[in-house]
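Enquirer: One structure, pasted below without further comment.
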Number of protein chains: 2
Amino acid sequence: MSGRSPTSDDLVSELRRKIRPDLVVTTPEILENFRADRSGLRSDSAPIVVVFAESSSDVVEVMMSATAHRVPVVVRGTGTGVAGASFASAGELVLSLERMNRILEINEEEAYAIVEPGVINGDLNDVLRDRGFWFAPDPASRAISSIGGNIATNAGGLMCAKYGVTREAVLGLTVVLADGSMIETGRRTMKGVTGLDLTALVTGSEGTLGVIVSACVRIRRAVPGGVSTVNAYFPSARDAANACLAVSSAGLTPMVMEIMDDQCLAAVHAYLELDSPPSGSASLLLQFDGESSTANAASANDILRRHGGRPETATDEAHAEELLRIRRSVHPAMARLGTTLIEDVCVPRTRLADMFDRISEIQRQRGIVIPTVAHAGDGNLHPNFISETDHIPEEIWDAAQELFSAALEFGGTLTGEHGVGTLKKRWLRQELGDTQVELQRRIKAAFDPLNILNPGKVF
Amino acid sequence: MSGRSPTSDDLVSELRRKIRPDLVVTTPEILENFRADRSGLRSDSAPIVVVFAESSSDVVEVMMSATAHRVPVVVRGTGTGVAGASFASAGELVLSLERMNRILEINEEEAYAIVEPGVINGDLNDVLRDRGFWFAPDPASRAISSIGGNIATNAGGLMCAKYGVTREAVLGLTVVLADGSMIETGRRTMKGVTGLDLTALVTGSEGTLGVIVSACVRIRRAVPGGVSTVNAYFPSARDAANACLAVSSAGLTPMVMEIMDDQCLAAVHAYLELDSPPSGSASLLLQFDGESSTANAASANDILRRHGGRPETATDEAHAEELLRIRRSVHPAMARLGTTLIEDVCVPRTRLADMFDRISEIQRQRGIVIPTVAHAGDGNLHPNFISETDHIPEEIWDAAQELFSAALEFGGTLTGEHGVGTLKKRWLRQELGDTQVELQRRIKAAFDPLNILNPGKVF
């Protein structure tokens, strides 16, 4: 079997003595699944072993053995990451947390839930909905992504401008460190400043600092009032972006504000076998919640019209759901077009229109198709670089480089919500600078002196 | 002069060559001011020198010299900290940032401001108000505390349950490291996940990791609609705490929810020379903002009445301001009672009533006066331990120890918003555990290998 060596044989035998043996898997067909995540990247070879941990004590045992044998560990939730942080290759151990998927406590009075890392975001929300609560982090992958993965990437989603990113929803974490010791970061209370904020530091650390074995997350009471959904067509994504700025400047805070450019919109309609949208149109989807949602949607309609949009308010819930379904179908629609590199730059909102223009230029000059969707409320764009080969070719990377440079030039960032993983590590210094990268490496070493946690990712 | 030595003479001469000499102060009467902050603690001796930096390049020079001479640096804003993190003693250099007090940019469309660390919280809010914006972090000290200090302590305040703590308002920081190198953490965009979240890590680090020389902070558009203010008397703080839980459970989110126990309320009324409040009463102050503020206040009134309260809605702005003034006068009123140790435990909201009871017990058993005020929305209590001596006597520390143990027993934390400083470092391990404290020390060393940034504080 590829990747096996005396060390790895010893490790596997040791793990099978310490952990229920059927959780320690070396079946080649299963190992194959862990060579990729949803980044479009794939490792050259399979890992040694996958451990399907069922408890924090399994995780402790794995980390103690990994430390003893100096074997790198790739922590993985449901493998839906799109930055290439959660796949493994020869010589590595995959620590899968997907079976640690119990909701341990829901405390309505304190407005928190304690969950294991493998709980699916949508599953928690299903349980909470019945109790009149919800969990705000809302990545587009919420039906399939785990809360542990959401935390490990500090996931964003559709509602960040109004309800914050995942970091704002994490109160405390139980983390197993590289050597198998365990810490409790943060707290269950609303506030707390005892020591350094390791909860925030581990959030978004992409498996490089420790293994999250449980999380205390903030839950919110359902917002009273209905939701009003508006869809508008615009002559261009630039016009839609400018309309969004006007909506924000009017003091309106939609919970959702999503732009699809013409290519993206057309591709999704084709994928869903819907009537084609008006030719060449971009779309803007707005959702308002709260007691003033209807009035706010009406105000927004006026603004959109003044900015060249043709808005239409959803007549009922089925209509609203259909509009949202179009937005949520971007990923599968893109996958049908070819191999997709999903990018994730974030720019100041006032530069969103410029960024759409820059993407058009890159398309024109390089002859690449780049349908783009954006969380307009926070300036976060997902350009989808499409290629017809089965891997991402070098000219796509060159185009992506141009995109990143533009994002930084506009005062933005390489990654709004997906993370660095392997996909963007070559650009890390361009954004953070050498001094900060060296400092971040020293912090990583403070957690993981042997560099066994996701080595080669991020840094 | 106390604290002078060949090293310190060299340091001072060097600084006077590198920085405008009048900014490098060794006048004994001025140095005296830096032996204390507002914690009630005072160092044994004066620092070597105070540098009143006027620019980030002054800060760089100070840190390079401090590194070269291995001299500890205490970074200080306006010195309003209450945990003893910002005072200095013999052999130390004070780096005062109070003159770095310029607002560098206010960007309304992007909803951020860039400020130097010495900008007073209230001053920024005054400027923002004219533009229809505000800065949410609202410590009770906002008229005198600096934004740099707010960030260094991750300050809370009266509105955290609704609008978050300081961390949620910080987008990015420019930080000078111990060796004088400079990094830019975070971003100006709404989202971003490139690398580890050093913005959050530096926030709340109490001067132990680096020197904040500018901050990009999130500002908010003024909330449309008015503010409704309700004051209610209750037979006890326990009753008031239970009423608060009922208000939250009804789905109401006041922006302010403050409880004063009977002793605190009586002391403030005496201090302000107001008619005495009803004998033995605790009070609850609620403020609702937003378009439904009046309706929400009315709903809250009903709930308070059902829980034994006698609520009264402020009739006009002057009345509301008077009610707030009573709350904001707690600190000076306490100072008049004697030497005050202001405590800062935070507990799950459902344990707030129990914590009030425990404080009563401590008072009874130990014969100590402990008037208490609480941010009820987030379970954060400020018991004020009063003593008649000019320093805090050992029996007060013993009582505080009992308080901390109770907070931890109830699932809470040592400090909700004031920080650890010197005041609580002896209890750090009790909350974080040895493993986490050692890890935090290694992180501190990754930033500051010579341990010259606020040594002896927090850790």
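The values are calculated or read from the model by the stated rules, or taken from the named source; none is laboratory data. Source: prediction; values computed, not measured. No Cβ is skipped: glycine too gets one built from the backbone with ideal geometry, and neighbour counts run over all protein chains shown. In case anyone asks, the SASA skips ligands and DNA or RNA and just uses the protein heavy atoms, side chains included. Shrake-Rupley method; radii C 1.70, N 1.55, O 1.52, S 1.80 Å.
Enquirer: Of the residues B:G192, B:G180, B:G186, B:G132, which single one is within 12 Å of chain A (Cβ to nearest Cβ), out of contact with any Cys (no Cβ under 9 Å at 6 or more places or on another chain) and within 19 Å of A:Q436 (Cα to Cα)?
Expert: B:G180
Enquirer: Does segment A:286-300 contain at least one residue that is within 13 Å of another protein chain (Cβ to nearest Cβ) and in contact with a Cys (Cβ under 8 Å, 6 or more places away or on another chain)?
Expert: Taking every residue of segment A:286-300 in turn, none turns out to be within 13 Å of another protein chain (Cβ to nearest Cβ) and in contact with a Cys (Cβ under 8 Å, 6 or more places away or on another chain).
Enquirer: Can you work out which of the residues in segment B:408-431 that are free of Cβ contacts under 8 Å to residues at least 60 places away in the same chain and open to solvent by less than 30 Å² (accessible area, probe 1.4 Å) is farthest from the other protein chains (Cβ to nearest Cβ)? Let's see the steps before the verdict.
Expert: Start the filter on segment B:408-431 by keeping residues that are free of Cβ contacts under 8 Å to residues at least 60 places away in the same chain, which leaves B:408-409, B:425-431.
Add one more test, that the residue is open to solvent by less than 30 Å² (accessible area, probe 1.4 Å), and what stays is B:427-428.
Details: B:W427: 8, B:L428: 6 Å.
Checked segment B:408-431; the qualifying residue farthest from the other protein chains (Cβ to nearest Cβ) is B:W427.
Enquirer: Those residues that are buried (at least 23 other Cβ atoms within 10 Å of the Cβ) and either touching a Ser or Thr at 6+ places or on another chain (Cβ under 9 Å) or free of Cβ contacts under 8 Å to residues at least 40 places away in the same chain (or both), I need them from segment A:59-70; list them, please.
Expert: Passing the criteria: only A:M63.
Enquirer: A:V175 is checked against (1) more than 7 Å from chain B (Cβ to nearest Cβ); (2) buried (at least 23 other Cβ atoms within 10 Å of the Cβ); (3) within 30 Å of A:L324 (Cα to Cα) and fails just one. What number does that condition carry?
Expert: Of (1) more than 7 Å from chain B (Cβ to nearest Cβ); (2) buried (at least 23 other Cβ atoms within 10 Å of the Cβ); (3) within 30 Å of A:L324 (Cα to Cα), only one is false for A:V175: (3).
Enquirer: Any idea how many residues of segment B:432-459 are at the interface with chain A (Cβ under 8 Å from one of its Cβ atoms) and touching a residue at least 24 places away in the same chain (Cβ under 8 Å)?
Expert: Result for segment B:432-459: 4.
Enquirer: Let me ask another. So A:G3 passes all but one of these: (1) within 18 Å of A:L450 (Cβ to Cβ); (2) modelled with pLDDT under 95. Which condition number does it fail?
Expert: (1)
Enquirer: Next up: For segment A:135-153: of the residues being of a type in the set (A, V, I, L, M) and away from chain B (no Cβ under 11 Å), which is farthest from A:V71 (Cα to Cα)?
Expert: Top of the filtered list is A:A136.
Enquirer: Could you list all residues from segment B:260-290 that are of a type in the set (A, V, I, L, M, F, W, C), touching a Ser or Thr at 6+ places or on another chain (Cβ under 9 Å) and crowded, with 18+ Cβ neighbours inside 10 Å?
Expert: Taking segment B:260-290 and keeping what is of a type in the set (A, V, I, L, M, F, W, C), we get B:260, B:264-268, B:270, B:272, B:274, B:282, B:284-286, B:288.
Then keep just the ones that are touching a Ser or Thr at 6+ places or on another chain (Cβ under 9 Å); that gives B:260, B:264-266, B:268, B:270, B:272, B:282, B:285-286, B:288.
Result: B:M260, B:C264, B:L265, B:A266, B:V268, B:A282, B:L285, B:L286, B:F288.
Enquirer: Let me ask something additional. For B:G456, indicate whether it is closer than 29 Å to B:P137 by Cβ, open to solvent by 10 Å² or more (accessible area, probe 1.4 Å) and not hydrophobic (A, V, I, L, M, F, W, C).
Expert: For B:G456, the condition - closer than 29 Å to B:P137 by Cβ, open to solvent by 10 Å² or more (accessible area, probe 1.4 Å) and not hydrophobic (A, V, I, L, M, F, W, C) - is met.
Enquirer: Considering (1) more than 30 Å from B:V202 (Cβ to Cβ); (2) assigned to a helix (DSSP H, G or I), say which one A:G280 fails and leave the rest.
Expert: Answer for A:G280: the failing condition is (2).
Enquirer: Take the residues in segment A:204-224 that are among the hydroxyl-bearing types (S, T, Y) and more than 7 Å from chain B (Cβ to nearest Cβ), then tell me which one is least open to solvent (accessible area, probe 1.4 Å).
Expert: Looking at the filtered set, the residue picked out is A:T208.
Enquirer: Continuing with the same structure: Taking the stated definitions as given, is B:A399 more than 30 Å from A:E108 (Cβ to Cβ) and touching a Phe, Trp or Tyr at 6+ places or on another chain (Cβ under 9 Å)?
Expert: Spelling it out, B:A399 is indeed more than 30 Å from A:E108 (Cβ to Cβ) and touching a Phe, Trp or Tyr at 6+ places or on another chain (Cβ under 9 Å).
Enquirer: Quick one: what pairs do we get from segment A:371-395, first residue under 12 Å from A:A237 (Cα atoms), second among the polar types (S, T, N, Q), C-beta under 8 Å, 6+ apart or different chains?
Expert: Taking only residues 6 or more apart or on different chains, the pairs are A:P371/A:Q263; A:P371/A:N384; A:T372/A:Q263; A:T372/A:N384; A:V373/A:N384; A:A374/A:N380; A:L381/A:T372.
Enquirer: Restricting the search to segment B:154-172, which residues are of a type in the set (A, V, I, L, M, F, W, C) and more than 7 Å from chain A (Cβ to nearest Cβ)? Quick ask: steps written out before the conclusion?
Expert: Residues of segment B:154-172 of a type in the set (A, V, I, L, M, F, W, C): B:155, B:158-161, B:165, B:169-171.
Selection gives B:A155, B:L158, B:M159, B:A169, B:V170, B:L171.
Enquirer: Moving on to the next point. Name the one entry in B:V50, B:V60, B:V74 that is closer than 22 Å to B:S205 by Cα and within 14 Å of chain A (Cβ to nearest Cβ).
Expert: Step by step, each of B:V50, B:V60, B:V74 is checked, and only B:V60 is closer than 22 Å to B:S205 by Cα and within 14 Å of chain A (Cβ to nearest Cβ).
Enquirer: So A:L201 passes all but one of these: (1) farther than 20 Å from A:A85 by Cα; (2) open to solvent by less than 20 Å² (accessible area, probe 1.4 Å); (3) within 8 Å of chain B (Cβ to nearest Cβ). Which condition number does it fail?
Expert: Here A:L201 meets the rest and fails (1).
Enquirer: Report whether or not B:S56 is open to solvent by 10 Å² or more (accessible area, probe 1.4 Å) and either of a type outside the set (S, T, Y) or under 30 Å from B:V127 (Cβ atoms) (or both).
Expert: So B:S56 passes the test.
Enquirer: Taking segment B:35-53 only, how many residues are open to solvent by 10 Å² or more (accessible area, probe 1.4 Å) and touching a strand residue (DSSP E or B) at 6+ places or on another chain (Cβ under 7 Å)?
Expert: Residues that pass the stated criteria total 5.
Enquirer: Among the residues of segment B:31-42, is any at pLDDT below 95 and on the phi > 0 side of the Ramachandran plot?
Expert: Scanning segment B:31-42, I find at least one residue that is at pLDDT below 95 and on the phi > 0 side of the Ramachandran plot, so the answer is yes.
Enquirer: Just give me the residues in segment A:51-84 being over 20 Å from A:F459 (Cβ atoms) and under 23 Å from the mean Cα position of the chain (by Cα), in sequence order.
Expert: Of everything in segment A:51-84, those that are over 20 Å from A:F459 (Cβ atoms) and under 23 Å from the mean Cα position of the chain (by Cα) turn out to be A:F52, A:A53, A:G77, A:T78, A:G79, A:T80.
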